[in-house]
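Report on one structure; see the data block that follows.
The values are calculated or read from the model by the stated rules, or taken from the named source; none is laboratory data. Note that the coordinates shown come from a computational prediction; the quantities given were computed from them, not determined experimentally. Using ideal geometry, Cβ is built from the backbone for each residue, glycine included, and neighbour counts are taken over all protein chains shown.
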Amino acid sequence: MSITVTEVAAKQISEVIAAQDMSEGTVVRMGIAGGGCSGLQYFLSFDEESNIDLDVDACYAQNGIKLVASKKHALHLDGTTIDYKDGPMGSGFAIDNPNYVNTGCPGCGGH
C-alpha cells in the first residue's frame, strides 16, 4: 500500500514545518473525517514521530516527508496522491484518491 507525496507538496510541507519552527521529529498525519454523498473528507495535520504506534499506524516516507495514517484509514487511502496546487482560484493541498470518485448522489444532482 502506498500514499504518494509529490515533490511540490513535500516542498510546501517542509516550508510550513520550518516556518512554524517544528521539531525534526514532525510527521504529517493523514486521515479520513467522514464521507457521505459529498465523498470522503481528508485531513492533514502535524504530529510528533514519538506518537506513532506501529500497531495501529501505517508509515510512509516520500520526498523527505514522513507521513502517517491509521491502518484503518490506510486501507481506503492506498494509491492516493497528495499534491499542492497554486492557481488563479487559490492555493492548497489537493488529494487525489483513485479509489473513490466523487460523483455526488442523485438527491444532490451528482448523477
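Condition first: surrounded by 13 or more Cβ atoms within 10 Å (Cβ to Cβ) and in contact (Cβ under 8 Å) with a residue 60 or more places away in the chain. Can you find one or more residues in region 38-47 that meet it? Lay out the reasoning, then the answer.
To start, the set of residues in region 38-47 that are surrounded by 13 or more Cβ atoms within 10 Å (Cβ to Cβ) comprises 39-40, 42, 44, 46-47.
If we keep only those that are in contact (Cβ under 8 Å) with a residue 60 or more places away in the chain as well, we get 39-40.
Within region 38-47, one or more residues are surrounded by 13 or more Cβ atoms within 10 Å (Cβ to Cβ) and in contact (Cβ under 8 Å) with a residue 60 or more places away in the chain.
Tally the residues that are farther than 16 Å from Asn99 by Cα, of a type outside the set (D, E, K, R) and in a loop (DSSP other than H, G, I, E, B), restricting the search to region 34-53. Before the answer, list the steps.
Step one: filter region 34-53 for residues farther than 16 Å from Asn99 by Cα, giving 43-53.
Next cut, of a type outside the set (D, E, K, R) only: 43-46, 50-52.
Keeping just the survivors that are in a loop (DSSP other than H, G, I, E, B) gives 52.
Qualifying residue count, region 34-53: 1.
Yes/no per residue for (1) surrounded by 13 or more Cβ atoms within 10 Å (Cβ to Cβ); (2) in contact (Cβ under 8 Å) with a residue 40 or more places away in the chain; (3) out of contact with any Asp or Glu (no Cβ under 7 Å at 6 or more places or on another chain):
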site: Met22; (1), (2), (3): yes, no, yes
site: Met30; (1), (2), (3): yes, yes, yes
site: Ala58; (1), (2), (3): yes, yes, yes
site: Ala61; (1), (2), (3): no, no, yes
site: Lys71; (1), (2), (3): yes, no, no
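Identify, from the list Ile13, Ile17, the residue that is surrounded by 13 or more Cβ atoms within 10 Å (Cβ to Cβ), outside any strand (DSSP E or B) and touching a Ser or Thr at 6+ places or on another chain (Cβ under 6 Å). Write out each step before concluding.
Details: Ile13 fails: touching a Ser or Thr at 6+ places or on another chain (Cβ under 6 Å).
Just one listed residue meets the conditions, Ile17.
Under the condition of being of a type in the set (A, V, I, L, M, F, W, C) and over 21 Å from Lys11 (Cβ atoms), which residue from region 36-68 is modelled with the lowest pLDDT?
Let us first name the residues in region 36-68 that are of a type in the set (A, V, I, L, M, F, W, C), namely 37, 40, 43-44, 46, 52, 54, 56, 58-59, 61, 65, 67-68.
The next check asks that each one be over 21 Å from Lys11 (Cβ atoms); those that pass are 37, 40, 52, 54, 56, 58.
Numbers: Cys37: 69, Leu40: 81, Ile52: 95, Leu54: 95, Val56: 96, Ala58: 94.
The extreme case among them is Cys37.
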